[in-house]
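**Q** Input: one structure, supplied below.
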Amino acid sequence: MGYLNSSVNDTKDFTIPYPSSKTASTLMFNTSTSTCNNSLTLCPLTAMKAQENVAAQTIELKFFDSIHQIPVGFWDNCIPLSQTFLHRKYLTAFEQAHIDSVGVRYVTMLKGGEPVAWAFIALVRIEGSNLQLEEKKDRWLQNMGVLFKNYMRSKVNNMETRMLICGNPFISGQHGFYYSTKIEADEAFCELNKAIDHIIQVEKSKKDTVDAVMVKEFEENVLKHARFLNTQGYKEVAGLPDMVLPMREEWYCFEDYLQSMTSKYRTRTKSYRKKGKDLVRKDLNIEDIQANIQTIHQLYIEMADGAEINLLSAAAQYFVELKRQFNSQFKILAYYLKEELVGFISYFVTEHHLEAHYVGYQHSLNRSHGLYANILYDLVNEAIKYRVKTLAFGRTAHEIKSTVGAVPVNSNSFMRHQNFIGNRVLVPIINRLRDDDWEQRHPFK
């Protein structure tokens, strides 16, 4: 499923060769200015100098179908360690676990022969039933707009879409595109757009059409550059905020964390901890994960099915592969009650950051044993233990996460439906899914 090598001189009109080999494909673009123009009109005095510089200014796009096709010098040696989910270990686990359900493409951008930007792209089939847009109750004679919106929600809930996602379908945050300081940010997004269009054309030539594109998710410092995509037919989608707890240096143990709270929230925390006193916690090794994988996956699926939006569910093997690749950097903390596995939380630990990943638990035990609240407090305890600077909880249950001290960090994505009508209707509906109906709590003194 590889691409043929190809060369393009004019990006406005080119033919994509039908893929037939396992080699990576290459596109060449002249980017002699910081814009997306592919040709320049130069005065005679500067023409010769411009020709001498053209090699250093040319952007070369290289495409790969697997992380294992990419030379270390094009990927591993260039992306900083902080980009955990763009590194070979994570991408290997992702590929191994979803080889039959998710197509992957990788793009390396070279400028003057040197790698300057990298993109991870997933090709997935989305069932509208994963969105489950809730119909609004109203008397349609009072509001004809509600009737139309409910009709469109019904259409979305029953659709099937093949989507190209530049970013990680399983993890919130900017984990699909990274560029170095050796390329201007605006230029990088311009080239990313070309790379996406190229992949779409290749897929179309294979009779496997891409219906929609999502480029996710950018915080404000990058968002201003990513908005170039708005000029290419994309619509900006307001994302749900990621809940992040900035860790304080004076927290050396959980008691220090408790003492920084107001009396109201300190009492609340102690009450939840008391409810969970019968829960037995166990840090699972790879053998434990393999032995309990069906229970772990079932608990996760029950949580995923209850989410308002669940574009893609992870395979059971995903948890095993993550542990195999990351070892002590990836952990699953399991919760047992009378020797029965009743919940778990998975998370990544890096030098300065703890990233909560998937969670699952028996809802029937949540009220009596404070399962979810104890999971959140245990994550805080782990973050304190590892002396990280930030703890990311993810994008659900915003209010309860704010009670443990997390604050919202916003980031937006960009969507484009290949169909004109779809682009006008689908994206605005998705954009309205943002749930701001929660109250930010302030637990600290």
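The values are calculated or read from the model by the stated rules, or taken from the named source; none is laboratory data. On a predicted model such as this, the values are computed, not experimentally measured, just so you know. Backbone-built Cβ (ideal geometry, glycine too); neighbour counts: all protein chains shown.
**Q** Mind checking which pairs have a first residue in the range 110-126 that is among the charged types (D, E, K, R) and a second that is at pLDDT 95 or above and buried (at least 18 other Cβ atoms within 10 Å of the Cβ), Cβ under 6 Å, 6 or more apart or different chains?
**A** These pairs meet every condition: Lys111/Ile183.
**Q** Next up: Would you mind stating whether Leu223 is in contact with a strand residue (DSSP E or B) (Cβ under 8 Å, 6 or more places away or on another chain), in a helix (DSSP H, G or I) and surrounded by fewer than 19 Cβ atoms within 10 Å (Cβ to Cβ)?
**A** Working: in contact with a strand residue (DSSP E or B) (Cβ under 8 Å, 6 or more places away or on another chain): yes; in a helix (DSSP H, G or I): yes; surrounded by fewer than 19 Cβ atoms within 10 Å (Cβ to Cβ): yes.
The answer is yes for Leu223.
**Q** From (1) at pLDDT 95 or above; (2) part of a helix (DSSP H, G or I); (3) surrounded by fewer than 21 Cβ atoms within 10 Å (Cβ to Cβ), pick out the condition that doesn't hold for Glu302.
**A** (1)
**Q** Right, here's the next one. What's the number of the condition Ser205 fails, among (1) touching a residue at least 40 places away in the same chain (Cβ under 8 Å); (2) surrounded by fewer than 17 Cβ atoms within 10 Å (Cβ to Cβ); (3) within 24 Å of Glu114 (Cα to Cα)?
**A** Evaluating Ser205 over (1) touching a residue at least 40 places away in the same chain (Cβ under 8 Å); (2) surrounded by fewer than 17 Cβ atoms within 10 Å (Cβ to Cβ); (3) within 24 Å of Glu114 (Cα to Cα) leaves (3) as the failure.
**Q** Taking the range 155-198, which residues are part of a strand (DSSP E or B), at pLDDT 95 or above and not hydrophobic (A, V, I, L, M, F, W, C)?
**A** Taking the range 155-198 first, the residues part of a strand (DSSP E or B) are 160-166, 177-179.
Among the residues that remain, those that are also at pLDDT 95 or above are: 164-166, 177-179.
The answer is Tyr178, Tyr179.
**Q** Going by the conditions given, is Val210 closer than 30 Å to Asn168 by Cα, touching a Cys at 6+ places or on another chain (Cβ under 6 Å) and either crowded, with 18+ Cβ neighbours inside 10 Å or assigned by TED's automatic domain parsing to the domain that holds Ile375 (or both)? Show your work before the answer.
**A** Details: closer than 30 Å to Asn168 by Cα: yes; touching a Cys at 6+ places or on another chain (Cβ under 6 Å): no; either crowded, with 18+ Cβ neighbours inside 10 Å or assigned by TED's automatic domain parsing to the domain that holds Ile375 (or both): yes.
The answer is no for Val210.
**Q** Which condition number does Glu250 fail, the rest of (1) free of Cβ contacts under 8 Å to residues at least 12 places away in the same chain; (2) of a type in the set (Asp, Glu); (3) assigned to a helix (DSSP H, G or I) being met?
**A** The failed condition is (3).
**Q** Right, next: Under the condition of being aliphatic (A, V, I, L, M) and in a helix (DSSP H, G or I), which residue from the range 391-445 is modelled with the lowest pLDDT? Quick ask: steps written out before the conclusion?
**A** To start, the set of residues in the range 391-445 that are aliphatic (A, V, I, L, M) comprises 391-392, 397, 400, 404, 406-407, 409, 415, 421, 425-427, 429-430, 433.
Next, from what is left, pick out any that are in a helix (DSSP H, G or I): 400, 421, 425-427, 429-430.
Details: Ile400: 96, Ile421: 65, Val425: 65, Leu426: 65, Val427: 66, Ile429: 61, Ile430: 64.
The residue in question is Ile429.
**Q** Evaluate the following for Leu299: is it hydrophobic (A, V, I, L, M, F, W, C) and in the same structural domain as Asn168 (by TED's automatic domain parsing)?
**A** Working: hydrophobic (A, V, I, L, M, F, W, C): yes; in the same structural domain as Asn168 (by TED's automatic domain parsing): no.
So Leu299 fails the test.
**Q** If you scan the range 226-249, which residues turn out to be farther than 30 Å from Gly405 by Cβ, touching a strand residue (DSSP E or B) at 6+ places or on another chain (Cβ under 7 Å) and crowded, with 17+ Cβ neighbours inside 10 Å?
**A** The answer is Leu229, Tyr234, Lys235.
**Q** Would you mind stating whether Ser82 is out of contact with any Ser or Thr (no Cβ under 8 Å at 6 or more places or on another chain) and assigned to a loop (DSSP other than H, G, I, E, B)?
**A** Details: out of contact with any Ser or Thr (no Cβ under 8 Å at 6 or more places or on another chain): no; assigned to a loop (DSSP other than H, G, I, E, B): yes.
Criteria not met by Ser82.
**Q** Now a separate question. Surrounded by fewer than 17 Cβ atoms within 10 Å (Cβ to Cβ) and not basic (Lys, Arg): which single residue out of His398, His363 fits that description?
**A** Details: His398 fails: surrounded by fewer than 17 Cβ atoms within 10 Å (Cβ to Cβ).
Step by step, each of His398, His363 is checked, and only His363 is surrounded by fewer than 17 Cβ atoms within 10 Å (Cβ to Cβ) and not basic (Lys, Arg).
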